[in-house]
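Working notes, structure below.
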Amino acid sequence: MTDKSQIILVLGAMVLFSLLTMNVNGFLFRNDVIKVDTEVQYTAIALGQGVIDEARWKSFDSIDTYNGYSKTDTTQDGVYHIDASIAYVNLANTDSASATPTDHKKLTVVVTNKSMSKPIRLSYIKNK
């Protein structure tokens, strides 16, 4: 082998090694981003579930105190905005509010954070 061919082989190996390093770094970065997104969403779910857990112990009539509920909570993952609303629903279609009072009230809790692309929406139905 000549000196020129050895230099070309070394340069080729360096290019391959740098491409491999860039791919590994990109993979590790994407993994960290997914980990942080998951932690933010998990915290949002926990905060929303906390509101639902409080409401579960209230009576059918006193659950109305959560209508228009709004709270801001700061955690290590950032600032979360928690909003809740109450609506009467029919069990046949719990996605739509009933125009008349029924024996079922639906508590909807929405948690937002500037890091999340979509808000977390949780629901709970209280029976009379």
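Data for the structure
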| quantity | calculated |
| --- | --- |
| Qualifying residue in segment 52-72 (condition: within 15 Å of the chain's Cα centre (by Cα) and without any contact (Cβ under 8 Å) to a residue 60 or more places away in the chain) | no |
| Lone unmet requirement of (1) assigned to a helix (DSSP H, G or I); (2) surrounded by 15 or more Cβ atoms within 10 Å (Cβ to Cβ) for Ala84 | (1) |
| Matching option when the condition is touching a residue at least 60 places away in the same chain (Cβ under 8 Å) and within 16 Å of the chain's Cα centre (by Cα), among Gln49, Gln76 | Gln49 |
| Extreme residue, farthest from Val51 (Cα to Cα), among residues of segment 69-96 that are modelled with pLDDT of 90 or more and aliphatic (A, V, I, L, M) | Val89 |
| Residue ID - nearest to Val110 (Cα to Cα), chosen from residues in segment 18-73 that are of a type in the set (Phe, Trp, Tyr) and surrounded by 14 or more Cβ atoms within 10 Å (Cβ to Cβ) | Tyr69 |
| Single residue of segment 97-124 satisfying the filter (modelled with pLDDT of 95 or more and among the aliphatic types (A, V, I, L, M)) that is nearest to Val33 (Cα to Cα) | Ile120 |
| Residue count for segment 91-118, restricted to those that are surrounded by 15 or more Cβ atoms within 10 Å (Cβ to Cβ) and free of Cβ contacts under 8 Å to residues at least 24 places away in the same chain | 4 |
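The values are calculated or read from the model by the stated rules, or taken from the named source; none is laboratory data. Small disclaimer: the values here were computed from a predicted structure and weren't measured. Cβ sites come from the backbone with ideal geometry, for glycine too, and all protein chains shown count toward neighbours.
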